[in-house]
Each structure stands twice: as C-alpha cells, then as structure tokens.
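Have a look at the structure below, then the notes.
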Amino acid sequence: MQTRFSPAALADPDTATSESVIRKCVHCGFCTATCPTYVLLGDELDSPRGRIYLIKDMLENRRQPSAEVVTHIDRCLSCLSCMTTCPSGVNYMHLVDHARAYIDQTYQRPLPDRAIRWMLARVLPYPARFRMGLALGRVARPLAGLFSRVAPLKPLAAMLSLVPRRSAAPRAVPLIAAPSAPKGCVILLQGCAEPVLRPEIRAATMRVLARAGYAVVLARGEGCCGALVHHMGHKQAALAAARRNIDAWDTATREAPVAAIVITTSGCGTSVKDYGHLLRDDPAYAGRAAHYAGLARDISEFLGALTLPPPPAPTGLRVAYHAACSLQHGQQVTEAPRRLLAEAGYHVVTPREAHLCCGSAGVYNILQPELADRIGQRKAANLDRLGAQVIAAGNVGCAVQIGQRTQTPVVHTIELIDWAHGGPKPLQL
C-alpha cells in the first residue's frame, strides 16, 4: 500500500513502525474471510483491510479521529486471525495497538465510555481490587437487566453478567513438592484475572511442572502483563507494567537461572512475547525485554517440548478443544495442546470455524457486549455440535465467555493434563 507520511510524522518511532506495516498490505482481502466482525457485519470498514485504510488516513494526515473511525477500530477484537491469513506478513497487531494509543491521546470519548474504561484499567489488573469488585458485582448483579436497557450502560450490564455467582474457592489439594534435584527452574507468571477467577489453574500447573521435574518460582513484585490496558490504548500504563515485571524477573533470576517464563493465560503470553517490541526504544529495558520475551512459553508449548510419561489410567473422555486466538494466532501455538491432550488419553475433537474468536478478547465482551455475545453464541454452538463431555481452552477469558453460553463444562487444558496424571478431577467437572 502506497503511503505519503511526512518526514516530521516519521520522526515518531511508533508512526514509522506503523508506516512500514501499512506498506506491506497488498489489498488482497484474504483477511476479510477470517475476521469475526466482517463475517458478522459484512462491512469492509469492520475488516482488517478496511481498518488499515482508516488508520493510514488518520495517522498519515494526523487527523483527530471521528466517532465513526473510533467505532470501527473499537470493534476489532485483536484476535489476530488476519495475521495468520495474511500472505504479506502485515503485523496488524502493532498497527492497531498504535492506532488505539493515538485515539487515546487525541479523541474525547463520551463520559460513560471513559468512566467504564477508567474503572476497568484500575480494577482488573490488580487481584485484590478485582476480588473486591467481584464481591460488589454479586450484590449489584440483579441490576444488569435494568442497565442493559440504557445504551451507555450496556457495558456495565455486560460486566455484571460476567460476575460469577460464587467466589472462586477450590477445595484444598496439596501441591506436589518441588523435585530435590530439578531439571531446572521456571518462573510461573502469576497474572491478575486468572488467579481470582480460576485459582485451580495455577495449582494444576505447579503439580504438572513438579511431576515433569521442574521447580517453580513465583517472582515477587510481578503484576499484570499490561495487555488489558495496552488494548485500551493506555500505552504508558502498559510500558510501566512491562518494566515492573522485568525488574521482578531480574530479581528472581539472580537467585537461580530459569529455563522459561511459563504462562497459563494465552493473552498474557502474546503480550509478554511482544515485550521486546514494546520496549524497543527504551535503552534501559530494551535488551532485557527482548531476553525475557524469548524466554516466554505457553504452558502447552513448554510441556510439548518435554516427554511426559503415559497416563496411568486414560479416561477416553471426549474433549472439544477450543483454540484461543491469542494462542493459535498471536503465538502460532497450534498442535501442542491437542497433542498433549491426546497423549493424556483424551479423545480430542475440534469445532467448525476453529480459527474464529469466541468474543472474549480481554475486555471486549464488556466494551462491545452485543457483538461479543453474537460471536460467543456462534462459537458455543459450534462447540456444542461436537457432543463433547468437556471443553478445553488455554485462556481463562475464553473459559468464562464460552462457559456462559453452553452447558458443557469448560476447563483449562492443563487441568485435564493434571487429572490424567494423577491430579484431582477439575472443579468444573
């Protein structure tokens, strides 16, 4: 795609990066067929190609974005299916992230939208605040129906509808002691939303890693990976989150070398693996950011490189595998989760349109509730057609989004692997 950015505009590193991304687009339109919003709405401006045109015009001419432009960019899930499809290697992720940051700096959103985004950015990335928010949400949940009738309050209604009816309180299950002579140490990313919503995922991960011979380190001072705020355009907050985690990992790795940073929420994995790009212009952090990005591994990716023993008593359970977008498109990890489940004795099946998003996408199902619901219903229907006894997913957001739309239990892939090798039966079952 031809561009005409001024030298002054290209002096900004983010704009220069975006210009190089835009120039790779050859207008082929392959991305439209795999974009969930285009598949649903049929509007070119709600496809990656259409959004690239809008972003190009906005950045090239330094325009203040209009409400219409913001609407179409806001509708993007950042599922990155377009990047898997693109024959030209267009890094749409970096482009749309820059567009969101530009919008955040130059566009005045309506007050209700600003208030919701402010609250999400100051609650979700902090586990203690998130727990408190869920407790308040259970009290306010009966108001969701009322809020859903008022357009500006629909995101609030969506947020209340996502609040689980009970707090996460898994039964006490002892962890397996770390091996006395481990094969190595790994840092387990602690995350923000996952340990509040599904703390059993961490416990299962630690048991599996211990059986595989690895000692697990929880880095003190680590926090949210920054993905939640980054996808809302809050670049400085995302940078601060990345720097805090890098400092925490520096401290942890001084005590013992680590083989990997293991991540159980695939959205976080995509974010951490991009730290090298995010901090590329920070001389104090660029090198370390690239180093830790290179160490980041999804739990299925890490285990997939090991040889696990056969399960003692295979269940033969029929498992529908949901490939989270951030795993299959963001990280290009596709075969390892299915193979691990099959090797653990499960009968693995995959749905139609497995490449399409479930509609969770971080906080998308709060900020775009109607579109997210339509996308989620479509995904749940495709999974239900498989007649599986359980659905496996590698991202807690997907588990919540799909779980609200199906009667089939949704669990994390690692919980099924843990169960097959002697761990407790997953709570959702």
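No lab work stands behind these numbers, since they all come straight from the coordinates. Computed from a predicted structure; not experimentally measured. Ideal geometry is used to build each Cβ from the backbone, glycine not excepted, and the neighbour counts take in all protein chains shown.
Quick look at the values:
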quantity	calculated
Residue with peak Gaussian network fluctuation, the chain [Cα springs, cutoff 10 Å], from Y107, Y292, Y38	Y107
Region 166-307 shape via C-alpha gyration tensor axes, a/c threshold 1.5	oblate
Helix-only mean residue ellipticity at 222 nm for the chain, each DSSP H run of n ≥ 4 adding -39500 (n - 2.57), per residue, nearest 500	-14000 deg cm²/dmol
Calculated FRET value between R244 and R165, using beta carbons and R₀ = 22 Å, to 0.05	0.10
Scattering profile of region 191-234 at q = 0.14, 0.16, 0.18 Å⁻¹ [log10 I(q)/I(0), Debye over alpha-carbon scatterers]	-0.46, -0.57, -0.68
Contact order normalised by residue count of the chain, Cα under 8 Å, 6+ apart, percent	14
Long-range tail of P(r) for region 24-179 (Cα pairs > 25 Å, %)	49
Reachable lysines, given that their alpha-carbon falls under 20 Å from the alpha-carbon of K235 and they are not under 8 places away in the same chain	K56, K273
Neighbourhood charge, 15 Å Cβ-Cβ cut-off, centred on E255 and excluding it, Lys, Arg +1 and Asp, Glu -1	-1
Kirkwood-based shape ratio for the chain, expressed as Rg/Rh from alpha carbons	0.95
Amide H within-cut-off set for V348, under 5 Å, with H built and near neighbours excluded	V319
Spherically averaged projected area in nm², based on the convex hull that wraps the Cα atoms of region 318-420	5.7
Per principal axis, descending, Cα span of region 111-161 in whole Å	31, 24, 11
Stretch gain in nm, segment R131-R109, where the contour uses 0.36 nm per residue and the Cα spacing is subtracted	5.1 nm
Region 299-429, relative contact order [Cα under 8 Å, separation at least 6], %	29
Packing-based order for 305-318, 393-406, 372-385, using average beta carbon neighbours within 10 Å, highest first	393-406, 372-385, 305-318
Centre separation in Å (Cα based) which lies between region 336-381 and region 75-124	20
Under 12 Å from the H27 label point (7 Å along Cα→beta-carbon), backbone N, region 1-20	1-3
Volume of the Cα convex hull of region 7-106, divided per residue and given in Å³	86
